[in-house]
Each structure stands twice: as C-alpha cells, then as structure tokens.
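See below for the structure under consideration.
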Amino acid sequence: MKLKNAFQLDFSQIKNEKFDLIFAASGYEKRCTQLFEKINLKGAKKILIAFKEKDTETQRIENDKKFKKLGFESFTAKEGSYVEIIDILNKVLEDILTKKQLNVLVDYSCMTKVWYATIINYFLNKDSNIQNINITFSYTPSVFAEPQDPMPNKYMGPIPGIYTISASNKPTALIMGLGYEKDRGKGLMEYLDPKTTFAFYTNPALDQKYVTAVEKNNSQLLSILGKSNVFKYPLGDLRTTDSLLTSLCLSLRNKYKIVLAPLGPKPFALMSILLSIKFPEIDVWRVSAGDSGNTYPRSPYLGDPIICKVCFERASIPLQFKIINPEKKEPVFMMPKKVLEPVL
Amino acid sequence: MSKFLGRWIYFLEQKNLRILIINSVYFHRRENLAGYGKIGKGQLESIEQYLSNHNDDKIKIVLCHHHILPHERLNLGAEDLMVNGNELIDILNRYFFDLVIHGHKHDPLLRYAPGSTFTVPVFSVGSFSATTNTIITGNRNHFHLIKIRKIKNISKGNIQTWEFLPSRGWVPADAGENFFPVLTGFGYRGTIDTLVDKTENIINKSPTPFLDWKKFIQKLPDVQNLTPQGCLEFKNKLISKNIITHPELPKCPIQIGRTHHP
Amino acid sequence: MSTESFHSTFNARHLQPEEVAETFIHNTDYEELIQNNHTVLLGPRGCGKTTLMKMLTLPALNSWNDQRAKSIRQQISFNAVYISTDIYWNAQKDSYNKQLSKFPLYSEIVSKVAVTTNVFFSLCESFENVIRYQIKPSNQKQEVELAKNLIKEWKLIPTIPNLSMVKEALKRRTDSLNQHIQKTVFNSSMDEDIKITDEYFYLDFHSSTEAAIFTFERIFKSDKNCKWALCFDELELAPMWLQERLFNSLRSRDQKILYKLSSSPILSISSELAATPGNDLKLVKMWPYGNSNKYHDFSETIVRSLLKKKFLKNVDPEIIFGSNPILSKMHLQSDYEKGGQTWNEIIQLAKKDSGLMRLLKKEKIDPNNPSISASNKVKLDTVLRKIKPIVYFKNYYRNYKEDKQGRKIRSRKSSSLFYGKEVLYKICDGNPRWLIGIVESILKKADNSSISKISEASQARVFHETAEQFNNIIKTIPSAIVERKNKIYTLAGILKEIGDYFFKEIVMGEFEMDPHSTFIIDDSITDEFIGILEKAVYQGAIVLINPSENAFDFNIRKKRFRLSYLFSPLYKIPLRTYAEIPLSKTLTEKETIPTQTKLIL
C-alpha cells in the first residue's frame, strides 16, 4: 500500500458518511466520546481501545459506559504498546481484510502516537485483498488547561515502525513540534544532539493562553534557534502546516537524516507520521513520561473537530508502452492511463 | 508584423519567433459557459489562413489558457477541455509548431499531441502561485525556463524547472517519481530503441563499464530532448539491457553504466 | 545571556574528518591511539573519543596542518575504517525492541545485518580514501575489478561496478531490510513464520571485511604489511552482541585487522569476555584520575588556541581570565605570609569558626597570624594548603542559610569563587566539548579590539549557567528514574542530594581538614539505582576516581566517584577531591521527590 493523497475536510463532509470501521480510544479525558455523539455510526464495526493505565478515574468509567452504550467492542492496551495494538487488529479485522475497499474512521484525539501510527502501518503492511483504503482522522481539540511541571522522561526514541536503519553517515536534523510543558523540546535536543534543529509551534491556537505558555516554557530553546529556524502554524489549518513541514523536510533530506519529534498538539503529530510514510527515510520520535505522565482533564472544545482524510492505494502495475516514431508513421506514443495517473 | 485576428487571436512576430496567443475564455459571459475553454471554427480558419501565408522556419509557440489535450489525472476532471482543440492540434501539426504552452490545470505535464506524422509537444506549466487542497502530496508551485533551438525546421527544447518550498523559497524541482523533473526536454523524434542502441555502443566502447553523465550527454545529446514519459521509457529499456543511471532518471543522473551480475 | 546548546556546536560526530582536523590539538591520548595494536578509548560523552578516532582517517591526516602531521602520517602503520554507531543498530534495545519482541532470533539477525552493512559502507569509504591519498596513480579498471568482487562477495543487487555505486547498493539494502522488518512484524507471529531467503542476512562483518581487504591489496598491489583498523565509535550505543564480540576479539592478534574501540568508562559486557590489556591491547582512560596533569596541560593548550583564534595572536590566558586565588600556584609563599590574601581569609574565618580555631591551635598555628615560619614549613603542605579551599568557601558562604520556610536567603546566583584560568582548566575534567563551550561563552563578552580581563562576575555567571545546563541534560535522560510505591527517584535528584550533602558538610558544617567529597558505591545501593548511576558515568556527571589499574571496569560497585566538577558552582563545593563516604550515607530516607508537582525538568 502507498499513500496516495490526503485532504482536510469540514466536519459537515463526514458527519453522515458511512464507515466500515471506526476506531476510538477511552481514557480519562472528557473529550473521548465527543465525536461519537455527532456522527453516523450505523453499519460500522466499532472498535474501542481503552488504556490499561488509570482505568479507575471517574471520567474513564463514564467514558467506558458511553462507548458500551454506543455499541463499541472494547479492548485494552498499554499506552506505549505496539504489539498489543497489532494483536487487537489481527483479532478484529480478519474478515475485513478480505474486502477490496475500506472506509475507516479513527478518532485519535485521545490515542497515543504509537497507537494510531500502528493502525496506519497495519493497513500499509498487512497482507490483504484491500486495494483502496480511506482513513479519516478526527481530532477534537480541548479547552486550555494550565501546563504542569513535566514528569521525568521514561521514553525518548523512535515510534515503533516509524524509524529506519540506515547505512550512511548523514548528520541529524531535528524538527520538533513544541508542546507547552517546560523545556521538553530543549531536553530532546540535548539528548539527540542533532547538527541542526527547527521548531514548530501552534500560533494562532484556539486559546491564546496556549501560545503564551508554549513561548514561555520554551523561551530558551526559541532564543537559541532564532527566527529562521522557528515556524508557526495555525492549529486547524492542516494545509498550511503540511506545506511548511513538507517543504522543510524536502529541503533538508538530501543532506540530513531527518527526525520529526511532535511534542505538542496531535494534528502536527499526524502530519509528521503521514510525512514519514510518504518519505520513509524520515523518522518520528516520541518523548513520553509513560504512565507517570501528567493528567489533564481535556474538556472538549465546543467547535468542530479537525478532520483529515487520507487515501491509500495498492502499489501499481507494470508498465506497458508503444514506441513512437512520427517520421516512420508508427503509432502514437502514449502511456497507459494508469501510469498517467500515478499513485502518489 | 504582429497582428490581431479579430479580438481573441494574436500573432506576435519577432525575427526568429512566432507566438500564437489564443484567448480561450473569450466567450465566458455567462456562468454556464465558463466551465470550459473554446476556440471557434472561424478563428481556426483565420489561423490556418495566416499560417499558410507565413510558412517559414521561425520557432513557433502557442500560448493559451485551457488545455487542448485531455488532462484528467489526479481527479482533475474532463469537462473543461478546450472545445475544437483537436482541430487546433491538426493545424499546429501541419504547420510544424514547436510547442504549446497552457495553464488552467495547475498540474505540470509535458507530452506530445496525438498525430500520425509530426506531433506538437504540449506543455501544461502548472501554477506559479495557486495552492491546492491536497496535503502531503499536493502539487507545488513552479516556474520554468524553456530553451528552444531550431535548425532547418527541426527544433529541440530543454526545460529547467523550479519549485516553491514555503519554508525555503524557490529551489530546483525535486524530480521525485511523482513530480515534474528538474530537467526535461522535447523534440527528439527518433525511436527510443535507437537511443538505447547508441547508449550501449557508447558504454561498450568506454574503457570502463560506466561514464560520467555529462560526458555521456555530450556523446548522445538527444537524451536531453526526451519528454518525461520518453525518459521513463528510455530508463526502462535501459534496465532491460542491464544499464542504469544514478540517480535514476528522470532525476539528474551523475553517471550511467552497465550493471555487474556475478 | 543565551547559551548555545551544550553539546551540538562542538560535536565531532557532525563533522567530516577534514573539519575535525582543522581544529585538532595533538595530545598524549592520540599518541596511544596511533600505535600498531588494539586500543580502547574509555571516557564520558564529550571527552574527545570521536575526534581522536576520526583523526586516524586519511582525509583528516591529510588535512591536518600541524608540524607533527607528516611524521605521524608516516608513523601510522594501518588504514583506519571509521564506523559510527547508528542509534538504530540495536533492534534489541529496550526503547524500540518491543516491535520485534516476538521474534528474538529475527531481531538478532536484523541487528547483525544493520551492523554488517554499516561496516561495509565504511570500508568502501576507506577504500576510496586509500585510492585517493595513497595509490598513485590509480586506474579505474582496478576499481571496477574491486567493485565486481564486492558485489559478488557481499551479495549485492547488480549495480554499476564502482565504489560509489556499491555504497548506493548498500543503502538500498537497508531500505529492503526496513521493508522486510515491517512486513514481518505485521504478517508473522513468531520466528518460525519468518522466511529469510536473501543470503546477505548471513554475512559476517569480520570475515567479509578481511576477505575484501585481501582482494583490495591484491588488485591495487598495496603494502601487504599495512594493517587495517576497524574503529568502532560509541559502543555504549551498540547492540550487546556486538560489544561482546568486539571486546572478545581484542584477545587475538589478527594478521590483518586491528580494533580501535571507544566506549563509556564502565563496560556493560561480562568481565569474562574482555581481553586483558597488555602488549597487544592498550587502554586509554580519557578523564582525570590519580595525580596526572595531562588534562590540565591539554586544557591550557585548547584555551590558548581559542584565544589565538579570537584575538589573532598569542594571548596569555591569565590576561583574559585572571588567576583564581584558591587554585593558583603562583606567589605561594606570599599568599600565606602576613598581609597575603589567604592569610587574611584564615584570620577572618578563625574569628567566627571555632572548629578552625581549634584546628589551628592544635597545629600550633597562630590564628591571628597564620604565616609559616622557617621551622614550620611542613605545615604549609600538611595544613594550610589543605584547608585553603574550605576557608575560602566557608567565608564566602558564611551567610548562606535557609529560613524557616526552607527558602534560601542571601544566596548568590553566580558564585565569584569560580573564575580564573585555573578553574577553567580544572572544571571541565578534561572534556574538550565543555571547555570549548564555556570559553566561547565567556569570550562573547570580550571586546575584540582590547585584550583585557573579563570580569569575575561574568565568568562566574557562565560557569553557573553551564552547571545548570548540564543539570538540565541529566534531567532529560530517559529512564533515569527509579519508581517505588508512588515515589519517583531521578538521577538529577540523587546527584542533588549528594551535592547538598557535601555542601552541608564542607561549607556549613563543623570545620574539617579532611571532609568528604567523594563517595563509594556501597552494597546498600540497589541494582535499580546502579543502573541510573551508570548513565551518570556515561554522561560524565560522576567521575570514577579509582579505575582499575590498566584494566577494564565492569561494575561501579565498590568504586569511588566524585561529582563532576562542572556541578561545583551549582552545589557550591570546592574543586578538590577529599575523603570518601559510602553513597548510601549521602542519600536520606525521605522521598527524593516529595510530590509530583514539585518536580521540574
């Protein structure tokens, strides 16, 4: 499977869409169920992945109840687990893999990067009959909550499946999507020791307090990097984010081994993961305090979710062609239609 | 002398250059008419008459907005094709036009028009500044530098392309497999097999089974005048003869050589 | 003042060998490394191991502009193959091994392929270097013949037979490997399900390298007596099987291949596997221990070179940085004589500190006139020099207290005890990366046109900020924590406890001529804490004072350490090694992190 293209959509474009498969996550955040109260769930196989951690929190219990009422089939996995996600997918998708086309919805608002990266990689790499798959990713932003002091890092490294072994000696370029917990970005930069570093952060955000918090808690890093290495992107505008991020990666990839490290809002993380799928030489890292991480209530922002639809297609067919020679009056040169419309 | 034919057709005449400029939106007076391009039959007649009175070996280029060949890939649609475009192509072929340049589709694509003898190359130049809706793989903005050389009515062209990266500015085009190559061309009218045979001879005569690409091009300059599709065919035929370039065409190669099979 | 990223600016890992050579300063460790035997460089991050390794390569040697360069080029009797450890080699490492946890055999094979491919790539680069710098004149046909051999022996996909295309084929191999891994993970459930048909999965890097070298020598008719040194850098990042294999290889004397290895001061492998240093194996420990002055001299050379670069002429470091009264060896006699600075400090403190008063009286030194007479000269060494740093620190921090709420009052953010060239040479523990970073930061304050002393306060500020930066790095190390029943112990927290303990004892406590400033890892320290302390050793946060004499160290238990001197401005302790104490005594029973919300990175 290859990534063909992706689009940002309005919520109204997917509200009544019929999905074959829906993935959701249940944790302690208030926004876990927000999307599913608004969309069409009919006919879809509904899979819930619930965190093994913090499962006694009040909001979590409430979320679980809501999902059960909505008809979700529930499984549990650890926050950083890759193998458990694959096991779940193997269990629930056996029949679905025989289909030729698939329309999937993933609400990744409450998922960890490992989870939704694994879901994407699963469909890309699992042997199946699927020829085309559309995955719609939905993200419900949350109301601003004051940043807490960050907990110690338990994990700082590549997302499983989104890294590559390489045989060259290119220096590393680190591109970070900053979050608002203090100095996480700077810490990663010191640890990874790249040759050059760039930072992205959300501005404008839904709440200007977020921007202030990011700038304050990353002030030293931003001052070290300087204006030319810092980019601002609007949270809800995936096209602008992609345009800046993709173009930066393309300008660096010949000289550097690129590591993307999305530490902040998840739409940037999704863009990063999709970019690394399109350009496999790009790695994506995560920095996590694991189950010791801070707990934020994450009440849902009462606007529309941010929607990104990604189209994948099975890699195409061998070439066939005829030869031209206008002077010798041979048939006109043309490529078969499928090659004229290359898989992107 | 440059001349208007009516209000919507203009011939720009210079010493060695003739540019036929066609306004394919002249009739867009109502919404229902604005969904496609068009050249009128009367306009075609006046163009043909003009050309029959000016049959020389100038470099001849057409500039128009709409596409004259179907351009439906990437879900770009079919309904906006220039009406009477086929008839225009016939005329251009008969009078050995060297290049058609058009816009509208925002998707760079270079290919030959259909025809049985001479066929004109048609170049959709993409867009300088329009943005697209797709992400991750969205098309970029381009500009091109086109060089055409015409000797005894045979023209050959090279196109150099730049693309815009928002974080970096204008850079030579990436030439990845799905994007417009940084260097391409048109005007080679022989067969790909001939080029492949010549390539084999050059490599066989070389003291080593590989050559620096610049030296190879000096020996076989016609390779620079292949369209992207022609280039792709050339590459694949070379592979069948165990000859490859690095980097792979249509990127700019540094070397070409025969692979070793233990 | 903004300080650059601590490590990135001066990291040799980012530099090509030619760039490393531009600023390389010859030192005794390099002399050891260029000998015709196996060598192991041991040292913390940033101590210069990568620089030395890269200086073995032909591009570096041929770019090095130094009076010794020619003779050293002639002296080196091997061709170096520099192999940098890729952080991703280790498919078994705990950060991302979970992906392949169901496939342990496959995981090991993948790891070996990654290493082997990297070695082959580096070997091709070395072949190119030898052809370029040593084989004169070379002809392309020889390269074609070599490449054809490599394509065959290394089971590469057919490609154009030259070295650059062989390297490209190796890159394509890793692409295939990555795809193979992804396909395997999602479509297999155990090792037995996995089909490996490509022969390259089973190549061995040592034997294949040796064969390639023989082929090269045959084709190019190069000196058969010349050996080839495989230089494996940063082995602490390498897979365990590779570390074990390489250290085991040091036992044997191969006719063709030498090993030059670099690693952290404490090895993770089993002690049974490592060779014993001797004639065929040299250990180079790149940090200051014992009484050696080598890093002092080396640091001074670096500083002088940086000053020359800044001011475009030779400048005495003392002019720019001044001299530190505690560490200076100049004017020794007068310093302790009546009216001297130290003489005054002792008197001042003795008036307030009964412990010092008692000590002086016991040593028959007049607390109102602590100068040394001709008959009493021995006291200069046995007493006064020993107590000098403590006296200065106690005087300086005399008013340092905490109020009832535990808040520090009259504290000074930057300590003006930390300035002067002697501090500069000592505080970095021989680590060139830190030293260059600090000097460059201090020199930013200097005016290019006038060569004059930079204020003590400015220098102290840089030292203090560097200490904080270093501390922040320690805080970010992943998994440098121990969790126990809702308590979290971090490495940074432990180091702080140690630092605070010594501060309280040396500076705030009863006057002792021989206080504690070093610690032994005693048996009360559990294995979990040992794990994170080993990370501290690698980072250079704690320094091994009593490494095994001409032998490897495998375990930090029962070893003696001190905090890096770089922490001294933060914890306000002298740049001096005093007596040892069991580590467990410095760590209190209370929670290291009282509540989660108080933890700050």
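The values are calculated or read from the model by the stated rules, or taken from the named source; none is laboratory data. Not measured: the values here are computed from a predicted model. Glycine also receives a Cβ, built like all others from the backbone with ideal geometry; neighbour counts cover every protein chain displayed.
Checked against (1) at pLDDT 90 or above; (2) not assigned by TED's automatic domain parsing to the domain that holds residue C:55, residue C:111 passes all but a single condition, namely (1).
Check A:232, A:216 and return the single one that is in contact with a Lys or Arg (Cβ under 9 Å, 6 or more places away or on another chain) and within 28 Å of residue A:299 (Cα to Cα). Being in contact with a Lys or Arg (Cβ under 9 Å, 6 or more places away or on another chain) and within 28 Å of residue A:299 (Cα to Cα) holds for just one of A:232, A:216, which is A:216. Filtering A:197, A:202 for residues that are within 30 Å of residue A:136 (Cα to Cα) and surrounded by 20 or more Cβ atoms within 10 Å (Cβ to Cβ) leaves a single hit, A:202.
Output the residues belonging to segment C:30-55 that are of a type in the set (D, E, K, R), surrounded by fewer than 24 Cβ atoms within 10 Å (Cβ to Cβ) and over 13 Å from the mean Cα position of the chain (by Cα). Of everything in segment C:30-55, those that are of a type in the set (D, E, K, R), surrounded by fewer than 24 Cβ atoms within 10 Å (Cβ to Cβ) and over 13 Å from the mean Cα position of the chain (by Cα) turn out to be C:31, C:32.
If you filter segment A:157-173 down to residues that are under 18 Å from residue A:111 (Cα atoms) and of a type in the set (A, V, I, L, M), you find that the one that is surrounded by the fewest Cβ atoms within 10 Å (Cβ to Cβ) is A:162.
Within 19 Å of residue C:249 (Cβ to Cβ), within 14 Å of another protein chain (Cβ to nearest Cβ) and of a type in the set (A, V, I, L, M), is that true of residue C:177? Here the answer is no, as residue C:177 does not meet what is asked. Checked across segment A:129-137, the condition of being within 11 Å of another protein chain (Cβ to nearest Cβ), under 23 Å from residue C:184 (Cβ atoms) and aliphatic (A, V, I, L, M) holds for no residue. Are any residues in segment A:224-238 more than 25 Å from the chain's Cα centre (by Cα) and in a helix (DSSP H, G or I), and if so, which ones? Matches in segment A:224-238: A:224, A:225, A:227, A:228. Using the structure shown, decide if residue C:103 is modelled with pLDDT of 95 or more, among the aromatic types (Phe, Trp, Tyr) and either touching a His at 6+ places or on another chain (Cβ under 8 Å) or not assigned by TED's automatic domain parsing to the domain that holds residue C:246 (or both). It is false that residue C:103 is modelled with pLDDT of 95 or more, among the aromatic types (Phe, Trp, Tyr) and either touching a His at 6+ places or on another chain (Cβ under 8 Å) or not assigned by TED's automatic domain parsing to the domain that holds residue C:246 (or both).
Of the listed requirements (1) exposed (fewer than 11 other Cβ atoms within 10 Å of the Cβ); (2) among the hydrophobic types (A, V, I, L, M, F, W, C); (3) closer than 24 Å to residue B:153 by Cα, residue B:19 misses just one: (1). Given the criteria part of a strand (DSSP E or B) and either outside the structural domain of residue A:180 (by TED's automatic domain parsing) or free of Cβ contacts under 8 Å to residues at least 12 places away in the same chain (or both), does residue A:76 qualify? Criteria met by residue A:76.
When each of C:440, C:456 is tested for being among the acidic types (Asp, Glu), under 26 Å from the mean Cα position of the chain (by Cα) and not assigned by TED's automatic domain parsing to the domain that holds residue C:530, the lone residue that passes is C:440. Those helices (runs of 4 or more DSSP H) of segment C:4-74 in which 2 or more residues are at pLDDT 90 or above and of a type in the set (A, V, I, L, M) occupy C:17-22, C:49-54, C:58-63. When residue A:299 is tested against the conditions (1) among the small types (Gly, Ala, Ser); (2) surrounded by fewer than 23 Cβ atoms within 10 Å (Cβ to Cβ); (3) under 30 Å from residue C:481 (Cα atoms), the lone failure is (3). Based on what the data block shows, is residue A:221 in a helix (DSSP H, G or I), within 12 Å of another protein chain (Cβ to nearest Cβ), more than 21 Å from the chain's Cα centre (by Cα) and of a type in the set (A, V, I, L, M, F, W, C)? It is true that residue A:221 is in a helix (DSSP H, G or I), within 12 Å of another protein chain (Cβ to nearest Cβ), more than 21 Å from the chain's Cα centre (by Cα) and of a type in the set (A, V, I, L, M, F, W, C).
Remark: pairs (first residue in segment C:335-360, among the small types (Gly, Ala, Ser); second residue in a helix (DSSP H, G or I) and surrounded by fewer than 19 Cβ atoms within 10 Å (Cβ to Cβ); Cβ separation under 7 Å; 6+ apart in sequence or on different chains) = C:340/C:334; C:350/C:357. Of all residues in segment A:140-186, those satisfying the criterion of being of a type in the set (A, V, I, L, M) and facing chain C (nearest Cβ under 7 Å) are A:151, A:156, A:165, A:167. Return yes or no: is residue A:52 touching a strand residue (DSSP E or B) at 6+ places or on another chain (Cβ under 9 Å) and surrounded by fewer than 16 Cβ atoms within 10 Å (Cβ to Cβ)? Answer is yes for this residue.
Scanning segment A:267-295 for residues that are assigned to a loop (DSSP other than H, G, I, E, B) and within 19 Å of residue A:179 (Cα to Cα) yields A:289, A:293, A:294, A:295. Got at least one residue in segment C:314-321 being closer than 30 Å to residue C:458 by Cβ, in a loop (DSSP other than H, G, I, E, B), modelled with pLDDT of 90 or more and of a type outside the set (A, V, I, L, M)? Yes, segment C:314-321 has at least one match. With the requirement that a residue be part of a strand (DSSP E or B) and facing chain A (nearest Cβ under 7 Å), what does segment B:134-150 give you? If the condition is that a residue be part of a strand (DSSP E or B) and facing chain A (nearest Cβ under 7 Å), then B:134, B:135 are the ones that fit. Could you go through segment C:179-190 and let me know if any residue there is in contact with a Lys or Arg (Cβ under 6 Å, 6 or more places away or on another chain), surrounded by 19 or more Cβ atoms within 10 Å (Cβ to Cβ), closer than 26 Å to residue C:258 by Cα and not assigned by TED's automatic domain parsing to the domain that holds residue C:259. No. The condition of being buried (at least 16 other Cβ atoms within 10 Å of the Cβ), within 13 Å of another protein chain (Cβ to nearest Cβ) and modelled with pLDDT of 90 or more holds for only one of C:258, C:250, C:170, that being C:170.
Cβ-Cβ contacts under 8 Å between residues 6 or more apart (or on different chains), taken from a first residue in segment C:275-303 that is at pLDDT 80 or above to a second residue that is among the acidic types (Asp, Glu) and in a loop (DSSP other than H, G, I, E, B), are listed as C:287/C:429; C:288/C:429; C:295/C:429. Each residue in segment A:119-155 was checked for being under 30 Å from residue A:218 (Cα atoms) and of a type in the set (Val, Ile, Thr), and 2 of them qualify. The test for being in the same structural domain as residue B:36 (by TED's automatic domain parsing), among the basic types (Lys, Arg) and out of contact with any helix residue (DSSP H, G or I) (no Cβ under 7 Å at 6 or more places or on another chain) holds for residue B:140. If the condition is being within 17 Å of the chain's Cα centre (by Cα) and either buried (at least 18 other Cβ atoms within 10 Å of the Cβ) or among the aromatic types (Phe, Trp, Tyr) (or both), then segment B:68-84 contributes B:68, B:69, B:71.
All conditions but one from (1) within 14 Å of chain C (Cβ to nearest Cβ); (2) touching a helix residue (DSSP H, G or I) at 6+ places or on another chain (Cβ under 8 Å) apply to residue A:106; the one that does not is (1).
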